[in-house]
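Please treat every number below as a calculation from the coordinates, not as lab data. Since the model is a prediction, treat every value here as computed from it, not as a measurement. A quick note on method: Cβ atoms are made from the backbone with ideal geometry, for glycine too, and the neighbour counts reach across all protein chains shown.
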Amino acid sequence: MTTAPPVSADRLPALLAAMPKAELHIHIEGSLEPELIFRLAQRNGVALPYASVEELRRAYAFTNLQSFLDIYYAGASVLLQAQDFYDMAWAYLQRAAADNVIRAEIFFDPQTHTARGVAMETVIDGLHRACRDARKIGVDAELILCFLRHLSEEEAFDTLEQALPFRDKFIGVGLDSSEVGHPPEKFTRVFAKSAKQGLHLVAHAGEEGPPAYVWAALDVLKVERIDHGVQSTRDPALMKRLAQDRIPLTVCPLSNLKLCVFPRLEQHNLRELLDAGLMATVNSDDPAYFGGYMNENFLQTFAATGLDAQHAHRLARNSFEGSFASAQEKRRYVDRLDEVFATFA
Ligand code: HPA
Ligand code: ZN
């Protein structure tokens, strides 16, 4: 099926929830709910600068990316043991399964943990066990190691070196944290080395940063996907390039709203990206902080922008085709998508 059958508007929310989908942009540390932060703080004897879950939640009023990152890194300070990383990932994977996410490619930020004395093996072991167990609840889950771009390339090299003994437990590398002032070029050599290891390459670009950062991620880092990329609409030549090369964009609408990239969800440019023929997808980014997991992102964005069932089918199909699954897995995922759409016809 290349186009979806028509679906009446009143059944659109049920369809968005029921359709199988892949999540390609989720930071596992951003899935840490305040309740779990407090539970792990108690379990590990870590002091938090917030008196209660409610007080912590009240601090989630962000004005830009950096104002979020400061709180996000503080929240991750409760993670010490492999079991903590397992519990965090398992909570996310159960939540994803409930939203009919059947594939998840999950970012993790090892430097946030190794800087506190947590061993790389502890981080990867806990996360990987959860990903393996996810198959039992119908989710194919893989890990992508992200370098923190506010740190140096030398530190990224150290991180890659520490992770290579566990090379079989992650499928790619990415680039996240503070974007403006830390262009992709800063990480040229460590991305080249990662490519030599056969790792997939992605990078955050064009979340707050300019189109030039998206160009550099593509042409210098040679990434296969762009995370966010919403600033690309400012550059017509870049839009043409992204469409022609079918570069997946992992768009995160509620994240963009909460970090004030767009003042209102109604003004989000997801429709513009799709209309220009770009391979856009919908993702949750840091769902515990931005007010919604996958289905909430779909539901709120469709309600605000008037996208329809055809868009839903395209976004879900893009999520599978833009994933790092095998060709055979992708076919199986898209078949399942078409089956669910057929039941809504
Ligand atoms: N952008 C950059 N770094 C991040 C993000 C994001 O949206 N979420 C977690 N780390
Ligand atoms: Zn992100």
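So what's the net charge close to V139: Lys and Arg +1, Asp and Glu -1, counting the other residues with Cβ under 15 Å from its Cβ?
+2
Which whole-Hz ³J(HN,Hα) couplings does the stretch 205-215 yield from phi under the Karplus relation 6.51 cos²θ - 1.76 cosθ + 1.60, θ = phi - 60°, glycine and proline marked x?
Karplus values, whole Hz, x for Gly and Pro: 7, x, 7, 10, x, x, x, 4, 6, 6, 4.
Skipping prolines and chain starts, which residues have an amide H placed within reach, meaning under 5 Å, of the one on L32, given they are 5 or more residues away or on another chain?
So L32 has HN proximity to A288.
With springs connecting C-alpha atoms under 10 Å apart, model the chain as a Gaussian network and identify which of N295, N256, N44 has the largest mean-square fluctuation.
N44
Mind pulling the per residue volume of the convex hull built on the Cα atoms of the stretch 37-116? Å³ is fine.
Dividing the Cα hull volume of the stretch 37-116 by its residue count gives 128 Å³.
Return the long-range amide H neighbours of D227 (sequence gap of 5 or more, or a different chain), with a cut-off of under 5 Å between placed amide H atoms.
A203, H204, A205, T250
Could you state, as a whole-number percent, how many of the C-alpha pairs of the stretch 161-206 are farther apart than 15 Å?
The answer is 44 percent, as a whole percent.
Lysine pairs in the chain 8 or more apart or on different chains: how many have alpha carbons under 28 angstrom apart?
Going through the chain pair by pair, I get 24.
For a quick check: sort V282, V230 by the number of other beta carbons within 10 angstrom, fewest at the front.
V230, V282
Gap in Å between the Cα centre of the stretch 159-235 and the Cα centre of the stretch 85-107?
23
May I ask you to derive the relative contact order of the stretch 24-168, considering only C-alpha pairs under 8 Å and at least 6 residues apart, and to give it as an integer percent?
Normalised by residue count, the contact order of the stretch 24-168 is 27 percent.
Return the long-range amide H neighbours of D99 (sequence gap of 5 or more, or a different chain), with a cut-off of under 5 Å between placed amide H atoms.
Long-range HN contacts for D99: none found.
What order do you get for C146, C131, C260 when you list them from fewest to most C-beta neighbours inside 10 Å?
Numbers: C146 26, C131 23, C260 14.
In increasing order of surrounding Cβ atoms, one gets C260, C131, C146.
Using θ = phi - 60° and the Karplus relation 6.51 cos²θ - 1.76 cosθ + 1.60, list the HN-Hα couplings for the stretch 67-80 in order, rounded to whole Hz, with x at every Gly or Pro.
Taking θ as phi minus 60°, the curve returns 5, 6, 4, 4, 6, 4, 5, 5, x, 6, 5, 7, 8, 10 Hz for the stretch 67-80.
If I build a Gaussian network model for the chain, linking alpha-carbon pairs within less than 10 angstrom, which residue out of A303, A115, A41 has the largest mean-square fluctuation?
Ranking A303, A115, A41 by mean-square fluctuation puts A115 first.
How big is the Cα convex hull of the stretch 180-262 in projection, averaged over all directions, in nm²?
Taking the Cα atoms of the stretch 180-262, their convex hull projects to 5.4 nm² on average.
Calculate the radius of gyration of the Cα atoms of the stretch 20-344 to one decimal place, then report Dmax, the largest Cα-Cα distance, as a whole number, both in Å.
Taking only Cα atoms of the stretch 20-344, I get Rg and Dmax of 18.4, 53 Å.
HN-Hα J couplings of the stretch 14-25 from phi, Karplus 6.51/-1.76/1.60, θ = phi - 60°, integer Hz, Gly and Pro as x?
5, 5, 4, 6, 7, 5, x, 8, 10, 9, 10, 9
For each of T343, T301, T233, count neighbouring Cβ atoms within 10 Å of the residue's Cβ, then give the residues from fewest to most.
So the ranking, lowest neighbour count to highest, is T343, T233, T301.
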